1. In debye, nearest 20: dipole of the chain around its Cα centre with unit charges on the Cβ of K, R (+) and D, E (-)?
2. For region 195-294, just run the numbers: alpha carbon Rg, then divide by 2.2 N^0.38 Å, N being how many residues it has.
3. If you bin the C-alpha pair distances of region 1-137 every 5 Å from 0, what whole percents do you get?
4. Just going by the charge dipole of region 71-176, with Lys and Arg at +1 and Asp and Glu at -1 on Cβ, which of Ile109, Leu94, Leu150 is farthest out on the positive end?
5. I'd like the antiparallel share, as a percent to the nearest 5, of DSSP beta bridges with both residues in region 252-396.
6. Once you put a point 7 Å from the Cα of Ser115 and another 7 Å from the Cα of Asn72, both along the Cβ direction, what distance in nm separates them?
7. What net charge is computed for the residues neighbouring Phe147, neighbours being all others with C-beta under 14 Å from the C-beta of Phe147, Lys and Arg scored +1, Asp and Glu -1?
8. Reported to two decimal places, what Rg/Rh ratio describes the chain when computed on Cα atoms with Rh from the Kirkwood expression?
Amino acid sequence: MSVLVTNAKSRIAYNIVRSLGEKGIRVYTGDFIKHPMSSYSKHSYGKIHYPSPFRQQNQFIETIIYAIKKLNLEVLIPVGEETYLISKYKEEFLKHIKLCIPDYNKILIAHNKDSWQQIAQANLIPTPKNYEIDELQQCDCCSEISFPLLIKPKQGGGAWGISQLNNLKELKNFIRQNEHIGRPMKRFFIQEKIVGDTICVAMLLCHGKCKAKVVYKQIRDFPFEGGQATLRISIENREAENSLIRLLEKLNWHGICQADFIVDKKTGTPLLIDINPRFWGSITQGIASGIDFPYLIYKMAIYGDVEPLMEFQKGVMTRWLGGELRTFFSALRYSDKKMKFIKEFIRPQGHALKYDDISLSDPLPFFIWMFDVFARAIRSRTTGAVSHDSLDGIWE
């Protein structure tokens, strides 16, 4: 069988390519940049260059379908936000190739925080208190709100667009504005800040029935405090599992999904804060814990279903080295015992430690990624790399 994996510049795609390639599956890698890291993996059979799925959507679809026909590809595994575009035109793709992704209307529900929160509240799934900005602008109830608060985008992840409001004055100044970070205010909402550990639940479902799962705790993040996990460990949390299963059953979900929870330090209750209706940054955690989501998705695309795999190994630690290097100084600054932190950073103590982005048997992709980061940083003439192309508006 031959597979096309998109968004090859990401470490997520790299892990999918590595998982399938190690099983002898022929994997093609695709992206709109010239040198995506996954295409330099020894497991990549060939590279496909396509137009941007954000700015040239019709051309993107045409190029993918052309490649499917030309190379006789049999399975398509979308990785990044191009998943949403492929889902939107899923019926057209299914004429040419097998794939396993949710329907577009369900992706939009899961991707929009204000949409899934209504379902969560109706099904008694704990979430933080949320406030619509236009409601706060129209009523005199700001003084009744507890602080701190977070400004969060209705669509978006990885700490993008998140800011903190510490008092009533800051809140009133904010809601008087017409935009936030250059975007309309209607794209944001306000949420109470919950203090506690971040835990994540990832699942594979077949028409509303859970087939596989993994739960893990974030130990460090990039950006520091609130970003993507750079170091994590698999744990058990039945309450969070049950919350996500109840919500996804209501949606009759088909495919993979990942959600973030914060365990309230005061009550011990995991509160649902975000849903990711596509592959997520910590896909390595599932693979290392015995839940090979890429291979399960591949088999579900071909056969329509898979045998349930509901047990995963606890205490397994995984690491995103690139993110760790970028968050090192922030984490060190907030550490009480700096020498102990440095020793632990150099050599984390965890069972079966596995890396997202580097492998001794397949090292070239990591160095390609580093080259890409430095090249973008130089182009931006700042200390941080400019982002690759992304959607200007919202998925709707």
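1. Values: 53 positive and 42 negative charges, 206 e Å.
Value, rounded to 20: 980 debye.
2. On the way: Rg = 12.8 Å, N = 100, 2.2 N^0.38 = 12.7 Å.
In units of the globular-protein estimate, region 195-294 measures up at 1.01.
3. The distribution over region 1-137 is 2, 10, 18, 18, 16, 11, 8, 7, 6, 3, 1, 0, given as percents.
4. Leu150
5. Numbers: 6 of 9 bridges.
Restricted to region 252-396, the bridges split so that about 65 percent are antiparallel.
6. Inter-label distance under the simple model: 3.9 nm.
7. Values: positive: Lys129, Lys169, Lys172, Lys193; negative: Glu144, Glu170, Glu192.
Once positives and negatives cancel, what remains is +1.
8. On the way: Rg = 20.9 Å, Rh = 21.9 Å.
Here the Rg-to-Rh quotient is 0.95.
Laboratory data are not the source of any read-out in this text; all were calculated from the coordinates shown. Keep in mind the model is a prediction, meaning the values are calculated, not measured. Neighbour counts are summed over all protein chains in view; Cβ atoms, including those assigned to glycine, are modelled from backbone coordinates with ideal geometry.
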